[in-house]
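This report refers to the structure that appears directly beneath it.
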Amino acid sequence: MKRTLFLTTALLVLVTGMLQAKPQFGKAQLFNNNWRFMLSEEKEGSSPTLDDSKWRKLDLPHDWSVEGTYSPDKASCTGYLPGGIGWYRKTFSVPESEKGNKVFIYFEGVYNHSEVFINGTSVGKRPNGYISFMYDLTPYLKFGQENVISVRVDHSLERDSRWYTGSGIYRDTYLVYASPVHLDLWGVYFKATNITDKKADFSIETSIKNELQTGATIQISYEITDPSTGKTLVAKSKNLKVDANSKATFIQNISVVNPKRWSLEQPNLYTLKTIVKLDGKIIDQNEQKIGFRTLTFDANKGFALNGLWTKVKGICIHHDAGCLGSAVPREVWKRRLTNLKEMGCNAIRLSHNPQAPDVYELCDEIGLLVMDEAFDEWEFPKRKWITGWNDGTPGFEGAAAFFDEWSDKDLADMVLRNRNHASIIMWSIGNEVDYPNDPYTHPVLDHASIGQPVLGGYLPNSPKAERLGVISKRLAAIVRSLDPSRPVTAARAGVVMSNETDYPLALDVDGYNYTEDRYAQDHAQYPKRVIYGSENRHGMEDWKAVRDNEYIFGQFLWTGIDYLGESGRWPARGSTSGLLNFGGFMKPRGHFREALWSTKPVTYIGTYPAPKSAGRNYMAMDALPFWNYTEGDMIRVVCYTNAPKSRLMLNGKQIGETKGLNDTTGIIHWDIPYQNGKLEVVGMDNADKQTCNFAIQSSDRPYALTAVSDVSSIKKGKGLAQIIVQVVDEKGIPVILSEDELRCTIDGPAKLLGLEASNNSDMGNYSDNVQRVYHGQLIAYIQASGNTGKITVKFTAPWLKDATVTIDAVE
């Protein structure tokens, strides 16, 4: 893909057009249903004659770790949940009519160390649990008869990550039927070469595989469809010859007039249809979404999308969803990403691995920028904490064990699968691989300019930091060979150390983790370096380092959503640094961030007992919307807002003075005596006109449950409803203190996937239909089970009025 460089003030302008992932060739059929599973080693697991009738029957995606029991003898790094070895098997038939065609199996992700067998024959292994992969089953199939596919998943090294990974075939799986002449895997590459308001020029690079014994003359046709009208704008075709048993790549240049740009506000996506014909008959085709946009990265001015200078307001996410583990339905991701977008977030860092295709597609559709990331460790393992974060003696299992053998292919496959997404703006080749003495070291760690030795200073027997430059150059070259349209980046943690190596020289833009104090110094010392915050804390000063410095184009908060693993000491399911909790609900710090990032007027109040001494006079960004205390107690009311003025009202009367914004803490506050009733903040503009408000009320004892579904109907084939359950008092006011235990029962064609209350210290059973609410609420995930009909979901709790939701399962 062409990269246009405007060499003024280290300006890098990238012009690209994008599309989607998945196999993108042949007839891809979901292959998720009716598998058999056994969580144990089975010596004959690959044998087609093995009797697996007593194995558990399940549908994919499946994560067995999250079904396990939380236990303090498991590792804190992976959320105190188990790994192990599991076998999956499925019996299926391939019609006799498909003889002469190709049949492939495609996995979006299997964690980890998988080996796939067809009718007892191994067709391949893949150690990386985050990479999509495919095998050709054709030579081993019995056409017109039953076949058995077996998958061994070995996650016995269960302490192999710094966060929760899950275990099993946790993403979608496809069976792909294809002609012997077909599009290659991820074989259509859309490349815009010039985009203006009047015209978009682009090329489509298409790779065709001919697995016949003779050459073939084919016709490739392309159709571009307008996103708003559905009309075909462009239709072009080309005749080409592909030699026997070979692969050929062809390029077709096309233009679209008056292109609608893909942007954060209007993520316009065209449809590209690719059709392959042989002897006048269609032998392969696919449809993909494409988008036109330009990217500009400048060492002094930051980042521009379509020429508009933009601050990247980003967050980092891992790939789990609380009680669902790593097998996360698309609807859950849509709700989470939409909630983040609505609070002002415009970018997602996929830390620290390629994620499910659903996530990229949703970012394309919603209008979110993406930083895609390949690795958390390179040739040496990092510390994995076992008894609590940064506590005790660490372990050293991990992906480094197969980095040397697989990293080139893993990185290439990530780029090939994802390079056509409009949302992706950067490729990251590593996260914190330069963390001082974990494991790389350098004499600069003893240098006097640092003030004191870093993490024990220089360790001459540890791996030398110079290796960072060698490896980063190799990885960056792979990325640029496959997609030169986007910059190569990395999230550097030991900036002082890795500045002494060639590592930053391998990067086009440079991510700094938690090192805002280096921004000004390094901008002056390396004036052509494009710098941004690749991982950052939530504080006001950290945001001001971005907001007030034009040359810092953005930040990515750690994290956007609470995640399993990287836990503290028992009991702790995971990390709670997110703007959203495990259930995808906005936390108080989400409101704090919304006040800093949103362009619409917003306000929020939370409370806690007023500090009794100046030494404890803190401003919390995690204050709950709670108004139940003892009469007369002094209570601190904190307000997160972007309104120029704020007025606090208690039972309809102003209390305290009207206050303006505080640019030091980002928080304004009042210390007031508690009085039962309604507490409200009113946000106003400079003319004292109300622009926003937020109210909380004192609640009585729990009285009833309320339940609201996000949808009234779901598709019968695995459609999902997300039901929010709230404990309220007799007046309907939420009871924040409630921790009532509720039960969920379902009548109709659906099943319960999970109940998530977002309590990090609740280490109980998450695989049943009983759960305690936390802060008075939880979310229930209800999935259709395959038939149409009425689904009645009932929630009950002792002494409380129950709640019922009705949902239709439809075709």
Exercise for review: Please find the FRET efficiency linking D747 to R569, where r is the Cβ-Cβ separation and R0 is fixed at 41 Å, and quote it to the nearest 0.05.
Suggested key: 0.45
Study note, to complete from the structure: Any lysines whose Cα falls less than 25 Å from that of K612, other than same-chain ones fewer than 8 residues away, would be K659, K678
Practice item. Would you mind telling me the share, in percent, of accessible area of segment 681-786 contributed by carbon and sulfur at probe 1.4 angstrom? Key: 44
Exercise for review: Take every DSSP beta bridge with both residues inside segment 481-587 and express the antiparallel ones as a percent of the total, to the nearest 5.
Suggested key: 25
Check your understanding: Where in segment 687-788 are there GluC sites (Glu not before Pro) that are in a DSSP coil and have at most 15 other Cβ atoms within 10 angstrom of their Cβ?
Key -> E730, E739
Check your understanding: Each residue of segment 117-133 in order: what ³J(HN,Hα) in whole Hz does its phi give by Karplus 6.51 cos²θ - 1.76 cosθ + 1.60, θ = phi - 60°, with x for Gly and Pro?
Key -> 10, 10, 6, x, 9, 6, 10, x, 10, 9, x, 6, x, 10, 9, 7, 8
Check your understanding: Quick one: which of K301/K544; K311/K544; K191/K236; K384/K473 span more than 20 angstrom between C-alpha atoms?
Key -> K384/K473
Revision key, fill the gap. Among beta bridges assigned by DSSP with both residues in segment 692-811, the antiparallel ones amount in percent, to the nearest 5, to 90
Practice item. Read phi for every residue in segment 560-573 and hand back ³J(HN,Hα) as whole Hz from Karplus 6.51 cos²θ - 1.76 cosθ + 1.60, θ = phi - 60°, with x for Gly and Pro. Key: x, 9, 4, 9, 6, x, 6, 6, x, 5, 4, x, 6, 6
Exercise for review: Could you please report the charge total around D688, scoring K, R as +1 and D, E as -1 over all other residues with beta-carbon less than 14 angstrom from its beta-carbon?
Suggested key: +2
Exercise for review: Report the charge-dipole magnitude of the chain in Debye, nearest 20, computed about the Cα centre from +1 at each Lys and Arg Cβ and -1 at each Asp and Glu Cβ.
Suggested key: 1800
Study note, to complete from the structure: In nm, the gap between the two label points placed 7 Å beyond Cα toward Cβ at E265 and T796 is 5.3
Check your understanding: Based on DSSP, what percent of beta bridges with both residues in the chain are antiparallel, to the nearest 5?
Key -> 85
Study note, to complete from the structure: Taking every other residue with Cβ under 10 Å from the Cβ of H442 and scoring Lys and Arg +1, Asp and Glu -1, one gets -3
Check your understanding: Where the centroid of each part is defined by its Cα atoms, how far is segment 415-430 from segment 132-155 in Å?
Key -> 29
**Study point:** segment 192-308 - percent of accessible surface contributed by carbon and sulfur, probe 1.4 Å
**Key:** 44
Review point. Which of the aspartates and glutamates could a cross-linker bridge to K718, judged by Cα under 18 Å and excluding same-chain residues fewer than eight apart?
Key: D59, D63, E108, D172, E331, D358, D710, D747, D808, E811
Study note, to complete from the structure: Between N642 and residues 5 or more places away or on another chain, the pairs with built amide H atoms under 5 Å apart involve V602
Exercise for review: Report, in order of residue number, the helices in the chain meeting two criteria: a C-alpha extent of 15 Å or more along the helix axis, and a mean Kyte-Doolittle hydropathy of at least -1.0; treat each whole DSSP H run as one helix.
Suggested key: 403-418, 466-482
Study note, to complete from the structure: Restricting to lysines and to Cα separations under 18 Å from K142, and discarding same-chain partners fewer than 8 apart, the set is K90, K99, K102
Review point. In a shell of Cβ-Cβ distance under 13 Å around N239, excluding N239 itself, what net charge do Lys and Arg (+1) and Asp and Glu (-1) give?
Key: +3
Point to revise | Whole-Hz couplings from phi, Karplus 6.51/-1.76/1.60, listed for segment 195-202; x for Gly and Pro | key: 10, 10, 5, 8, 7, 10, 9, 8
Exercise for review: Note the listed values (i) 108, 88, 45; (ii) 89, 65, 62; (iii) 100, 81, 62, then indicate which one is Cα extents along the principal axes in Å calculated from this particular structure.
Suggested key: (ii)
Exercise for review: Provide the per residue accessible area, probe 1.4 Å, for the chain, rounded to a whole number of square angstrom.
Suggested key: 39
Review point. Sorted by average packing, counted as other Cβ atoms within 10 angstrom per residue and highest first, what order do 298-308, 656-666 take?
Key: 298-308, 656-666
**Study point:** Relative packing of peptides 285-293, 242-250, 416-424 - highest average C-beta neighbours within 10 Å first
**Key:** 416-424, 285-293, 242-250
Practice item. Search the structure for amide H atoms under 5 Å from the amide H of D184, placed 1.01 Å from N in the peptide plane, and list their residues when 5 or more places away or on another chain. Key: S207, I208, K209
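The values are calculated or read from the model by the stated rules, or taken from the named source; none is laboratory data. Because the structure is predicted, anything quoted here is derived from the model rather than measured. Using ideal geometry, Cβ is built from the backbone for each residue, glycine included, and neighbour counts are taken over all protein chains shown. When the accessible area is computed, the model is the full protein with side chains, heavy atoms only, and any ligands, DNA or RNA have been set aside. Shrake-Rupley method; radii C 1.70, N 1.55, O 1.52, S 1.80 Å.
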